[in-house]
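A short write-up of the structure that comes next.
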Amino acid sequence: MQETVEVYLGDSAHIPCQYNFSQADSLPEFVMFQWFVKDRVSSSRMRIYYVDENDDVADEGTEFSARIRVVVDRRATRLTVQEVQLSDERDFICQVNGVSAGAAESKTHLRVFAPPEAPLIQGVLAGISVNAEAPSEVATCETRNGFPKANISWYKDKMPLVPLVGRVNVRTVYTVESSGLYSVHSTLEYRVLKEDKDANFSCEVSFSVPSAIRTVESAAVGVTIHYPATMVELWRESPKGLIKEGDTVLLRCHGDGNPSPTFNFSREREPGAEEDLDSNGNVLMLWAVSRTDRGLYRCQPQDSTKLKGEVELKVHYLDPAVVVPKEAEAMFKGEDLTASCNALCSLKTSTVWYKGGQIVGVGNTLRLQDATYETAGEYVCEVSVPDLPTLHTSGSIHIVVHGAPQLVGEEREVHLDEALGRTLNLSCEARGHPAPTIAWIFDGGPVTHRCFCCCRDSSGPLTCALPTQMWREVLSESGDHATRSVVSVAVNSDIGVACNASNRFGADVRAFSIKAVPLVTSGVPFSSAEGGRVIIVVVLPCLLLLAVLGSALYFLHKKGKIPCGRSGKQDISQEKSAKDDIVLEMKNNAEAKTEDTVLLKAVNVDKNGTNGQ
């Protein structure tokens with residue numbers, strides 16, 4: 001018989017029994033077979049099956065009665081146990097009785113196997129401190145319902161853990177279930193180190209099966225290890241790049257301890273002067289920082305006085321631009337001026353000057369040389385920070401250029417031809433500061449051969465001694481440095497007109513000579529001597545004289561010597577007062593004997609010349 005027969009729980013076991021006789025020629029006619037099993041406790045035997053000359057039957061009343069079968073031939077017999085149970089694991093005895101040939105027996109041990117369930121591992125939930133003096137429980141592993149007993153082994157990062165006093169300890173508990181199967185529960189106790197913070201632990205179950213040993217490995221689990229910090233780091237998390245006033249800054253502190261320690265934050269503005277700050281855990285928020293928030297920031301674990309993290313915080317700033325001279329500056333024509341624009345900043349700045357949106361200078365200093373009226377206006381300096389484009393400021397200066405009027409255009413005498421009876425527009429624009437006052441001086445032509453002056457009162461309309469049907473002002477504009485006037489003149493004869501621009505610094509004159517050209521309606525040539533009358537107009541001498549006189553009248557008026565009437569038109573025939581009127585007598589060369597005179601009234605002109613031009 002075989003020494004052992006192995007079978008899975010629930011399967012059928014086949015136990016063979018072979019026999020021989022010493023003398024092959026004396027085989028008995030009859031052989032009796034009996035099968036016995038040993039009691040698992042008392043080791044006594046119990047017959048479960050017999051075969052003789054008359055019977056082939058299983059003994060009644062045994063646990064095998066309904067589950068065994070026996071097959072017999074001339075040289076062997078075989079016992080089959082169906083639906084093997086755990087209690088079937090025992091010795092089965094085969095006895096052969098040849099009567100006169102004698103009797104003999106042998107046995108086979110039946111082994112039953114049941115693979116256990118897969119192992120279930122569970123790590124401890126609480127953290128384990130590296131400061132513990134003895135091994136701490138790390139994980140448990142359990143496998144259930146196996147037969148025979150299974151074994152559990154422990155691994156750390158795939159390396160086997162061998163029990164070691166003070167370092168590794170394994171406790172194993174075997175439990176027999178009501179079914180007779182075994183459950184195994186193993187506990188790993190391990191003294192952790194900081195280096196084990198990322199370690200994985202697993203268990204492996206090994207168990208026997210017919211003719212082999214099998215293993216099943218569990219999942220891996222990590223454990224939480226508590227250890228004190230050995231390093232602390234503080235850094236600025238946001239914003240990235242350079243910091244300017246108004247930014248919100250987030251500082252974060254981190255230590256390599258587990259769990260992360262609670263930190264205290266402080267700031268050192270000056271060496272030895274430290275200020276405690278309120279924080280939220282390991283984060284410090286600084287809202288809308290200013291230059292006063294710069295300094296050395298620290299974080300320190302509450303349970304340690306030796307560890308600390310530090311970061312230097314720099315807050316960049318740009319003060320408002322300061323322009324010298326301030327706001328406004330007056331110059332005279334031809335003068336030079338140097339203006340400066342500076343802004344206190346923690347970084348290098350760049351300055352650009354603009355006028356009317358155009359770049360007129362680069363750098364902190366703006367130099368204006370040989371000032372003209374085009375020099376006047378607002379100059380803006382833009383100060384920016386190349387390394388921090390969001391920082392910028394600006395300032396401005398308003399330049400006023402004082403000086404005598406200057407008529408726009410180079411011509412001082414303008415000759416025009418216009419059809420008789422037509423209307424002609426004359427334009428006069430002058431620059432200067434204070435804004436010039438424009439006066440129009442008319443020569444009435446050959447009818448009266450007289451000169452007339454038109455000027456504007458600061459609070460009234462344009463007044464003129466010339467008959468109003470001959471002229472009309474169609475445009476009047478005035479600013480800080482310029483005045484413009486346009487009059488419409490009816491060309492009824494040859495006319496001489498002067499535009500006189502003046503202020504307290506001087507005057508400038510432009511003369512217009514308008515020749516009236518008759519319209520030709522027939523083939524008869526037009527003669528300028530028709531009717532025996534020669535029209536001689538002396539314009540230019542009169543105009544130049546009146547320009548000089550106009551300037552004199554303006555200065556006399558400014559000194560209060562001559563008031564200018566405010567009642568609109570003045571009747572040239574009304575009686576004149578010695579105080580209020582100035583009489584200008586001009587004689588036509590062609591009619592030198594005539595004693596015609598013209599009365600020219602002085603008109604009060606607005607000092608700035610900015611209203612009602």
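The values are calculated or read from the model by the stated rules, or taken from the named source; none is laboratory data. For clarity, every value in this text was computed on a predicted model and none was experimentally measured. With ideal geometry, Cβ positions are generated from the backbone for all residues, glycine too; neighbour counts draw on all protein chains shown.
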query: With the stretch 135-243 as the region, which strands (runs of 3 or more DSSP E) entirely inside it contain at least 3 residues that are under 30 Å from residue 3 (Cα atoms)?
result: 136-146, 168-176, 182-190, 200-209, 212-217
message: Checking residue 44 against (1) surrounded by fewer than 13 Cβ atoms within 10 Å (Cβ to Cβ); (2) in contact (Cβ under 8 Å) with a residue 12 or more places away in the chain; (3) in contact with a strand residue (DSSP E or B) (Cβ under 8 Å, 6 or more places away or on another chain); (4) closer than 30 Å to residue 211 by Cα: exactly one of these is not met. Which one?
response: (2)
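Is it true that residue 143 is within 60 Å of the chain's Cα centre (by Cα) and surrounded by 13 or more Cβ atoms within 10 Å (Cβ to Cβ)?
For residue 143, the condition - within 60 Å of the chain's Cα centre (by Cα) and surrounded by 13 or more Cβ atoms within 10 Å (Cβ to Cβ) - is met.
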query: What is the one condition in (1) assigned by TED's automatic domain parsing to the domain that holds residue 241; (2) out of contact with any Pro (no Cβ under 7 Å at 6 or more places or on another chain); (3) among the hydrophobic types (A, V, I, L, M, F, W, C) that residue 307 does not satisfy?
result: (2)
- request: Those residues that are more than 28 Å from residue 347 (Cβ to Cβ) and either exposed (fewer than 15 other Cβ atoms within 10 Å of the Cβ) or without any contact (Cβ under 8 Å) to a residue 60 or more places away in the chain (or both), I need them from the stretch 225-252; list them, please.
  value: 230, 231
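If you check 350, 346, which single one turns out to be in contact (Cβ under 8 Å) with a residue 12 or more places away in the chain, in contact with a Ser or Thr (Cβ under 9 Å, 6 or more places away or on another chain) and either of a type in the set (S, T, N, Q) or under 30 Å from residue 235 (Cα atoms) (or both)?
350
Yes/no per residue for (1) free of Cβ contacts under 8 Å to residues at least 40 places away in the same chain; (2) part of a loop (DSSP other than H, G, I, E, B); (3) aromatic (Phe, Trp, Tyr):
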| residue | (1), (2), (3) |
| --- | --- |
| 5 | no, no, no |
| 11 | no, yes, no |
| 21 | no, yes, yes |
| 29 | yes, yes, no |
| 48 | yes, no, no |
| 79 | no, no, no |
query: Within the stretch 207-216, can one find any residue that is touching a Phe, Trp or Tyr at 6+ places or on another chain (Cβ under 7 Å) and buried (at least 18 other Cβ atoms within 10 Å of the Cβ)?
result: yes
- request: Restrict the check to the stretch 356-378 and report whether at least one residue is in contact with a Cys (Cβ under 6 Å, 6 or more places away or on another chain), assigned to a strand (DSSP E or B) and not assigned by TED's automatic domain parsing to the domain that holds residue 486.
  value: no
message: Quick check on my filter: what residues within the stretch 205-233 are of a type in the set (A, V, I, L, M, F, W, C) and under 23 Å from residue 159 (Cα atoms)?
response: 205, 207, 213, 216, 219, 220, 221, 223, 225
